[in-house]
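No lab work stands behind these numbers, since they all come straight from the coordinates. Computed from a predicted structure; not experimentally measured. Cβ placement follows ideal geometry from the backbone for every residue including glycine, while neighbour counts extend to all protein chains displayed.
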Amino acid sequence: MAVSDKDMAELLKLRPTQTLDPFKGVKKLPLEEFFTSGHRTCQGCESALVMKMMVKAAGPRTIVLGSTGCMYVANTTYYSTSWVVPWMHTQLGSSGSAGLGTAAALKVLMRKGKIKEEPINVIAFCGDGGGADMGLSAISATLTHPDYNLLMLMYDNESYANTDIQLSGSTPYGAHTTFSPPGKVKRIMHHRWKKNLAGMLAAGHPTCRYIATVDMSYPVYSMNAVRKALSIGGPTFIHSMDPCPKGWDYDPIQSHELGELVVTTGIWPLYEVEDGVLKLVGKTRDIADGRLKRLPVRDYLLRQGRFAHFTEDDIAYFQSKVDESWERWLIPGVIPFKKQLEEDRPPA
Amino acid sequence: MTEALAPPPQTQPAADKTSLITGSEAIAVACKLADVDVITAYPIRPYDTVMQYVAKLVANGELDCEYIVAESEHSQFEIVKHASAVGARVFCGSSGVGWMYAFEALTVTPALRIPMVAMVGNRALDDPGAFGVEHNDALAVRDLGWQLVWVDNAQEALDTALIAYRVAEDRRIFLPCAISCDGAFLTHSQALVKVPSQEKVKAFLPRYDRGDLLLHPDNPITVAPQANEDWLMEIRRQTAAAMERSSSVIREAYADFERIFGRSYGNPFFEEYQTDDADVVLVGMGTLSTPVKVAIRQMRQEGKKVGFVRVRWFRPFAAQELAATLGRFKAVGVIDRDFSLGAPYHSGVLATEVRAAMYPAASRPPILGFICGLGGREVTVPDVKKMTDSVYLAAEGKTQPGTKWIGLRE
């Protein structure tokens, strides 16, 4: 006899989540803040905005775990925490484990009557170093545990920005970092293409109910992604693209604009994968549907000092890779299998 | 006589049950008795047998906990660390290089004042690979705030696990505790064990109360912020003070253990065997106690007055007490089932600690270090006799090397 979703929920003793309905627009957002003053992030830091919006979306009955990185070091100086909700540091590669351990403990303590029964949000965040590099294994493992409710959020500023801007597995091709400086002999020190993390996690964890890419230049969508991730049940993952004035080398006033450009150039597709159903979102959807023409990547790259050493050839190469992701990937911007697959085995 | 006729009180605890179980199973049973909330597993021999027993207890509904199979030792220890921060009683464990893979998590656990209890199935570190016992794995955390205890039989493993929870979760301490069980010799060897009743355990082990350190929306604290040079030293000092309080809390726990369970371990920190009239003694940790005790019984028939001191608690180290005890003898031989390459006199870890403990003592007999039984090699009765001969020579004033490797093919 087939096991129904209800049977499975019973088997897993899954606890109810909070019901967090979507915000209906920026003017409907609550005024109450749970990430407030007391931090010392850089001017124009988009990741700090992600923290603020993330926890505003989650509300007060939330525990936040933060792995080592900018959002640890800059936000929680001893005696001046910016967190109104309970917050705990976790190790660089431990966001997945921190969320899992916290959620598991809440579950068992409520089941045994050792603490009051109530849905408590658990959010574990990490940077791209902690998520795309060191912590990938733990995040992947946690996404396979259907019996715990938690959200893992990766704020991706595309380098180890806290430790002096070193390249990570999430740094874009060719970017100037302190570990990949352009030199007299080698102009391009970083030849690796950025990991497609959200796509990888969505494809590789079929029981995970919700994975999304977000960008705080589109705050209502991004906050609603957080609310859905916390409401849907089970482990979920959100990948946030965060322009970083210090690491990307631009005037802090341009953070919001760069956050838009990374989407409108097609470099950063916005999408949700909910119960295995892919939904392209916002400007990304407009591009896919032909309502919006992708802007050239040049418009994005040349606004940033980290690409100042790029030649025309470098820009052309970057453009060709982005084009390829839209024109040849099986699911544009999401799954990097080429359409060859379809051509070899056409539908009957 | 009238008292004997009175009915037994309703609350009289059930009698102990005797089971034939291994050291690993004894600790799994202790987890059940302690009503542990979150347990994480990851495979590495030989400790992982404890998790196999835990898995069966969970599958059979005998233990109600979140039992999580992690994807690495690092995650295994991080998961329970965070579970403990929100108030769950936790259990974890590892062996050899698995323990070393978790090292970052092992570092932050005492610093966060997390009362985790872990089992180390002591195993040689790679390379080359060996499944057998060596103590370097557990000893690697000796500077970090872990309470470290070595046991030498399954009964002691079960009892010490209960004591470990009681001590670790005491608000005066809030430091993790690792119970070392020698790989194979203890993890896989069965013995008759008295399993106490749930009522007795309840009387002995109070609930874990995280108190004002609980991470919960009702207590919205920030845990482990970036302190830097402004405050790090004061915070470190608090952790050190907790370790300094540990000895007296351990003593209280053993006294209560004896009162409630009716089993006594005497001095909690070290066991003395035939030391009353001894001329010389050997010192060691773990299951090498068995061949040492057999050899001592044989040597005593030959007229040699040899004793043995088995160190249980390595952290906290009972320096003054041990120094006072060892000062009674003419010479001391310390058997290390570990190595500490480049250490003073090229001795192992225990010998170096014993020498440090003895320095301020009024009576300081010669101390020899022996390295023996690495990688699971047996410590044999002839090995013990050979070591004892050296200790006697030292007692007679004949200069001996500071460290000898025993049972080694030359």
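Modelled label positions at B:ASP256 and A:SER80, each set 7 Å beyond Cα in the direction of Cβ, lie 4.3 nm from each other.
Relative to the first principal axis of the alpha-carbon coordinates of chain B, what is the inclination of helix B:381-395, with its axis defined by its Cα atoms, in degrees from 0 to 90 and to the nearest 10? The angle comes out near 60 degrees. Largest GNM mean-square fluctuation among B:PHE270, B:PHE261, B:PHE91, using chain B with Cα springs under 10 Å: B:PHE261.
In segment B:88-137, one over the average inverse separation of all distinct C-alpha pairs is 11.6 Å, which is the Kirkwood hydrodynamic radius.
Computed with the Debye formula from one identical point scatterer per Cα of segment B:15-261, without solvent, the log10 of I(q)/I(0) at q = 0.07 Å⁻¹ comes to -0.21. Looking at segment A:5-310, I'd like the Rg to Rh ratio, where Rg is from alpha-carbon atoms and Rh is Kirkwood's inverse mean 1/r. Rg/Rh: 0.97. Mean silhouette area of the protein assembly as shown, derived from the convex hull of its C-alpha atoms and averaged over all directions, reads 43.3 nm². Take the Cα of B:LEU408, step 7 Å toward its Cβ, do the same at B:LEU192, and the gap between the two points is 4.2 nm.
With a simple spin-label model that places each label point 7 Å from the Cα along the Cα-to-Cβ direction, the separation between B:GLN298 and B:LEU20 comes to 2.8 nm. Taking chymotrypsin sites (Phe, Trp or Tyr not before Pro) across segment A:120-195, the ones in a DSSP loop with at most 16 further Cβ atoms lying within 10 angstrom of their Cβ are A:TYR173, A:PHE179, A:TRP193. The Cα trace of segment B:270-406 gives Rg and Dmax of 13.3, 39 Å, the first to one decimal, the second as a whole number. Placing unit charges on the Cβ atoms only, positive for Lys and Arg and negative for Asp and Glu, gives segment B:15-261 a dipole magnitude near 560 debye about its Cα centre. Take every pair of alpha-carbon atoms less than 8 Å apart whose residues are at least six positions apart; their mean separation over the length of chain B yields a relative contact order of 16 percent.
Averaging 1/r over every pair of different alpha carbons in segment B:213-321 and inverting the result gives a Kirkwood radius of 17.7 Å. Within chain B, which is the longest segment containing none of the trypsin sites (Lys or Arg not before Pro) that sit in a DSSP loop and have at most 11 other Cβ atoms within 10 Å? Counting only loop sites that pass the neighbour cut-off, the longest clear stretch is B:1-206.
Counted by Cβ distance under 14 Å from B:LEU125, the other residues give a net charge of -3, where Lys and Arg count +1 and Asp and Glu count -1. When you filter the trypsin sites (Lys or Arg not before Pro) in segment A:1-108 for DSSP loop state and at most 10 other Cβ atoms inside 10 Å of their Cβ, you are left with A:LYS24. Pairs of Cα atoms nearer than 8 Å and 6+ residues apart set the relative contact order; for segment B:270-406 it is 27 percent. What translational diffusion coefficient, in µm²/s and rounded to a whole number, does the Stokes-Einstein relation yield for segment A:30-171 at 25 °C and a viscosity of 0.890 mPa s, taking the hydrodynamic radius as the Kirkwood radius over Cα pairs? Answer from the Stokes-Einstein relation: 159 µm²/s. Among the GluC sites (Glu not before Pro) within segment B:43-110, those in coil by DSSP and having at most 12 neighbouring Cβ atoms inside 10 Å are B:GLU62. Taking all Cα pairs closer than 8 Å and separated by 6 or more residues, the relative contact order of segment A:110-245 comes to 28 percent.
In this structure, the pairs whose alpha-carbon distance is over 29 Å, taken from A:LYS112/B:LYS81; A:LYS28/A:LYS246; B:LYS56/B:LYS293, are A:LYS28/A:LYS246; B:LYS56/B:LYS293. Net length available on complete extension from B:GLN52 to B:ASP127 is 24.4 nm, with 0.36 nm assigned per residue and the Cα-Cα distance removed.
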